[in-house]
Amino acid sequence: MSNAKKTSSHRKLFTVGPNAPFPFTEAYKSLRTNLEFLSASGNCKTILITSSVPEEGKTNVAINLAITLAGSGKRVVLVDCDMRKSTVSRYMRIPRGHAGLTNVITSRDVSTLSTALVRIKETGITILPVGTIPPNPAELLATPITEKIFGALQNAFDYVIVDTPPVSVVTDAAVLCRVADGVLLVVRPGVTTIQGAQLSKKNLEAVNAHILGVVMNGYNAKKSGRKDGYSYAYSYSYYDNKQQGSDE
Ligand SMILES: Nc1ncnc2c1ncn2[C@@H]1O[C@H](COP(=O)(O)OP(=O)(O)OP(=O)(O)O)[C@@H](O)[C@H]1O
Ligand SMILES: [Mg+2]
């Protein structure tokens, strides 16, 4: 049985939890362990989730990672920075008109942050929705108050998980790298191309992003014989581009 939550579009959220397949939940725990390991050796609090193109599973990965981190008692906030789609709100059923990041930015007053935060009781995570969709997302994200907002979130939470649009499609993810300690690049078999992943890596490195690693999300459900739609997300590898200097 699937615990996928239907949204108004064709999109679904596959969540970790008691009804999810064991390997699916385990894969996220393994990703959590890798991140905790990185945190122990340096600052790894604000983690940006991005990918090359749409529908590789960024938002699913961001939500499940946030829930898994909260499951080990961490205070986690998930920030929806996909200002074109606000999928986090759709997946988590937060009303469309709810105040969010853009409203806090335009108010120029970080103290308005508390009214925008939404606590999701069942999962223990807090969400900062997008807010009013702006005509100029990249410009808005580039304003200095964005740094102050992230600073306030970093003070109040153990982890700040940031969901973004694809890095090769719009510049928002690259703009946000300045507030992130590291980036997880999501790839998905059948969707991601080698060239697309390489281009994303180059785009991220051009803004001095610290790429923590790659999350391989989903493998063919039919091949694995699953009928409930879940494909497992695996923490595929992590590498430190500063240490390895690879251009793969
Ligand atoms: N591991 C998975 N198993 C099965 N389906 C998945 C998995 N991950 C994502 N999907 C499906 O792929 C679609 C896109 O997922 P999601 O919204 O998370 O992608 P995205 O990369 O955030 O997309 P966008 O770039 O448009 O924001 C959804 O319908 C979702 O259910
Ligand atoms: Mg998304």
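No value in this document is a laboratory result; all are computed from the given coordinates. As the structure is a computational prediction, the values presented were derived from the model and not from experiment. Heads up, the Cβs are rebuilt from the backbone with ideal geometry, glycines too, and the neighbour counts pull from every protein chain shown.
The stretch 178-215 and the stretch 70-126 have their alpha-carbon centroids 24 Å apart.
Sorted on the mean count of surrounding Cβ atoms within 10 Å across their residues, most packed first, peptides 91-99, 198-206, 27-35, 162-170 read 162-170, 27-35, 198-206, 91-99. The length gained on full extension between V169 and S111, counted as 0.36 nm times the residue separation minus their Cα-Cα distance, comes to 17.6 nm. Each of the peptides 100-107, 190-197 was scored by the mean count of other Cβ atoms within 10 Å over its residues; in descending order, highest first, they stand as 100-107, 190-197. Among the listed pairs K12/K74; K12/K85; K85/K202; K58/K202; K45/K74; K29/K58, which are separated by more than 23 Å between their Cα atoms? Listed pairs above 23 Å: K12/K74; K85/K202.
According to the calculation over all Cα-Cα pairs in the stretch 4-79, the P(r) per 10 Å bin from zero is 17, 49, 29, 5, 0 %.
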